[in-house]
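Report on the structure given below.
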């Protein structure tokens, strides 16, 4: 960490977006995480994604639970709404906020401890309800704040820094999210912003439950030989199935990645997900194939990354509940307290 | 692109833009940190070793360091390096004990210095502590050369000049002031005990260029050559000038002339230049100072004739022109066809350039001159076509400035020292340099790495009502210690280098994410042009190098664009493995003496 605030000075040619903001305007205060923490790269990717999507800072709410990952919302989007909730309870608070005001973008940031242990149920239920959100898990496989015990996502057989082997089975967050019906599921690596930032952009534009599992090495406790979440291990076993480019409207293709079949997915809001296939046998439109392939690859020790599944026409919680279009804070007293007569009418309709 | 070679001093020296731009390569950030710490005497001595005249240069330097300053590329204006130098001189303690001691036992070598200006004085300072017997000649009764005769007292008070010239003259120098050298042959052919082993010519560019227009000769009494007039003012021979004064020329001499005239009775003082205002040779700050004193500058006007009555000037006629440039950017001034402009005046000061003149150097002694009348010299050694005759300052390559004269003085002193030790003068000594980590703790450094966001502070000056009254009143008050500290904090410490070690890097991107200026990129290899186009921020300033690492584990390389790096240390603080470290690069030029010699040779007997 550093004691110093990042100097306000920036590169003279730093571009501005449509709102007149530079990328630097989307930063938060300086990180107090350990030097080299993967989480800081994820923060930088979020900053980049929001800058590139011209997100108005006051139209986004960031929510988190407890843990190293859950500290990070302080380090990005310093002018957005923020809520640091109880351990593992971020999904409930996010669900409530979303129900009250559906006009904001909801960014839930959590970790493997917060979402795969204490908040496992909360995570599963918010996904299965189809809450319109971006749910990012910063997954390092250890409890960093309590000095490096295995978390629930640590792979069986992986070694801790002190040489202890993990005997418990790992929870694969991506598989759970797919099973629970998330409509946008991706996995990425904090060390590959070129892959990660577009995945976050696609998730922000997705009008349903979007889940991104980001492997984020813990340099202090889980970046050693024997770990399956170290920089070296992830780089060696990373199996990217596709490369994503998010377009608002149709523009020229600019990304310079290896040639491969191009597939376009038009999301509900008109944004276009341009997927460059890196593996011929992968189809992100088929949930069953995706789930099978994940299991196959995991058995071989590979970490599959990329946009793993997307349903371009998701249905979210508001649609399930048939809620009012207008955020509650914009409704008047008459709509919010319609009176005894309406209540009686409602009650009688339910008898 | 090949990995950057940081084993030679040039790479990191170039990153310290100010030091690289300075002809004497003064370690600027080093002394600015000392000023910030209140160590004025130490800051003074760092300067004194390198540029010999900190108090004088802190008021008058042409400051090539400031346009080079990285701060000017990061925000609006560079650090006020020049005026900080003055702070060191103003607030230092008595430093005389720190001056080098002069050996009682001389080394038996005699060196004649012609002219007592900054170049010669630098040679004297470098050689006297080594035991050389130095003899300085000057036609004027005082030492200082153009620093005394041409720079007005309201910019450089005599007290400052006397002090710093005095440090050198106090080194047991034999002075022959008021004794103009009329023949170099006499110096060269002196025999026995008065023979010279080497002669250094530092006599400046003493001849002011004249004006050739109708009326010039008839009205000669009111038309003065700028540098001669300034000298006459400096020595108190001239104390008045007419009420209406025209100053012709656009250089710093013209600025000194107009400001002096304003103080000697000139009420309507005007500067008239042939070129456009922007192309004037005067430093921007000198033009500002003249404007501040209410002196207008008329541009694109070419002198046509002088009008006169009974031998007195009555005015001048000018032709209006505009500038046109050909495809080689060569300028020509084309008459606009507008009616000529007439300006009435009582006196005219001509400051349209200076020329070299060596009437005292006989043609048959073997010193060759080129077609511009300048001596034929080896630019590195300053040796002329006669092996033991060296040139420096304005006498060497035409009019430059004080800091170049000092640089020449150092170079010539090395040449003379090597010559007297029977060495090849063309073998030049390497500079002294080292690179040292500044790490004190996890996030503590031995320099103040917090970047100040302050804009450049103005130097406090006296009100025009006070300063225009007396030509000897110094206009600038200089920074006080509080202002000096604030200005010093603007320095980015460019000498504290970001040193990268590819073996330690785990490519976690922490440095990329934290860098406020987007200087750092991890990318695949490529040639320089290719790399410059695809970094995290465009690297369009080709004069600034890219720092390129060897190939890393992922097959990528680290590329850092040095252009706008704040040297804030955040990359190093966020680096988990210490692959980045902040290391202070200190470079000092090697002066004449044992360190400049390649072999430890005994003095040759002549």
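The values are calculated or read from the model by the stated rules, or taken from the named source; none is laboratory data. In this text the structure is predicted, and so the values were computed from the model without any measurement. Cβ: placed from backbone, ideal geometry, glycine included. Neighbour counts: every protein chain shown.
Descriptive notes on the structure:
- Residue B:73 within 14 Å of another protein chain (Cβ to nearest Cβ), surrounded by fewer than 24 Cβ atoms within 10 Å (Cβ to Cβ) and modelled with pLDDT of 95 or more: yes
- For segment A:31-43, a residue qualifies if it is within 9 Å of chain B (Cβ to nearest Cβ), out of contact with any strand residue (DSSP E or B) (no Cβ under 8 Å at 6 or more places or on another chain) and crowded, with 22+ Cβ neighbours inside 10 Å, and the qualifying residues are A:31, A:35, A:36, A:37, A:40, A:41.
- Being part of a loop (DSSP other than H, G, I, E, B) and within 14 Å of another protein chain (Cβ to nearest Cβ) is a property that residue A:14 has.
- Tally, over segment A:44-71, of residues that are assigned to a helix (DSSP H, G or I), more than 12 Å from chain B (Cβ to nearest Cβ) and closer than 21 Å to residue A:114 by Cβ: 4
- From the list B:47, B:107, the one residue that fits, being at pLDDT below 95 and away from every other protein chain (no Cβ under 14 Å), is B:107.
- Positions within segment B:362-382 being touching a residue at least 12 places away in the same chain (Cβ under 8 Å), in a loop (DSSP other than H, G, I, E, B) and touching a strand residue (DSSP E or B) at 6+ places or on another chain (Cβ under 8 Å), in sequence order: B:367, B:368, B:373, B:377, B:381, B:382
- Positions within segment B:442-458 being at the interface with chain A (Cβ under 8 Å from one of its Cβ atoms) and in contact with a strand residue (DSSP E or B) (Cβ under 9 Å, 6 or more places away or on another chain), in sequence order: B:449
- Looking only at segment B:516-531, and only at residues there that are more than 9 Å from every other protein chain (Cβ to nearest Cβ) and assigned to a loop (DSSP other than H, G, I, E, B), the one that is nearest to residue A:76 (Cα to Cα): B:524
- Residue list for segment B:532-590, restricted to those being over 27 Å from residue A:15 (Cβ atoms), in contact (Cβ under 8 Å) with a residue 40 or more places away in the chain, more than 10 Å from chain A (Cβ to nearest Cβ) and in a loop (DSSP other than H, G, I, E, B): B:550, B:551, B:552, B:589, B:590
- Some residue of segment A:17-30 being part of a helix (DSSP H, G or I), on the phi < 0 side of the Ramachandran plot, in contact with a helix residue (DSSP H, G or I) (Cβ under 6 Å, 6 or more places away or on another chain) and more than 14 Å from chain B (Cβ to nearest Cβ): no
- Residue in segment B:101-109 that is surrounded by 24 or more Cβ atoms within 10 Å (Cβ to Cβ) and either touching a helix residue (DSSP H, G or I) at 6+ places or on another chain (Cβ under 6 Å) or under 22 Å from residue B:24 (Cα atoms) (or both) present: no
- Checking every residue in segment B:395-410 against the condition of being out of contact with any strand residue (DSSP E or B) (no Cβ under 9 Å at 6 or more places or on another chain) and over 23 Å from residue B:24 (Cα atoms) gives zero matches.
- Among all positions in segment A:303-311, there is no residue which is at negative phi and at pLDDT below 90.
- Of the residues making up segment A:227-250, those that are surrounded by fewer than 20 Cβ atoms within 10 Å (Cβ to Cβ), touching a residue at least 12 places away in the same chain (Cβ under 8 Å) and within 13 Å of chain B (Cβ to nearest Cβ) number 2.
- Taken as a whole, the structure leaves residue B:349 outside the set of residues that are in the same structural domain as residue B:179 (by TED's automatic domain parsing) and in contact with a helix residue (DSSP H, G or I) (Cβ under 8 Å, 6 or more places away or on another chain).
- Meets criteria (outside any helix (DSSP H, G or I), under 30 Å from the mean Cα position of the chain (by Cα), within 14 Å of another protein chain (Cβ to nearest Cβ) and touching a residue at least 24 places away in the same chain (Cβ under 8 Å)) for residue B:423: no
- Taken together, B:478, B:398 contain a single residue that is surrounded by 14 or more Cβ atoms within 10 Å (Cβ to Cβ) and at pLDDT below 95, which is B:398.
- Test: residue in segment B:498-505 that is farther than 11 Å from residue B:580 by Cβ and either within 36 Å of the chain's Cα centre (by Cα) or crowded, with 21+ Cβ neighbours inside 10 Å (or both): no
- When the helices (runs of 4 or more DSSP H) confined to segment A:113-226 are screened for residues that are surrounded by fewer than 19 Cβ atoms within 10 Å (Cβ to Cβ) and without any contact (Cβ under 8 Å) to a residue 60 or more places away in the chain, those reaching at least 2 such residues are found at A:120-128.
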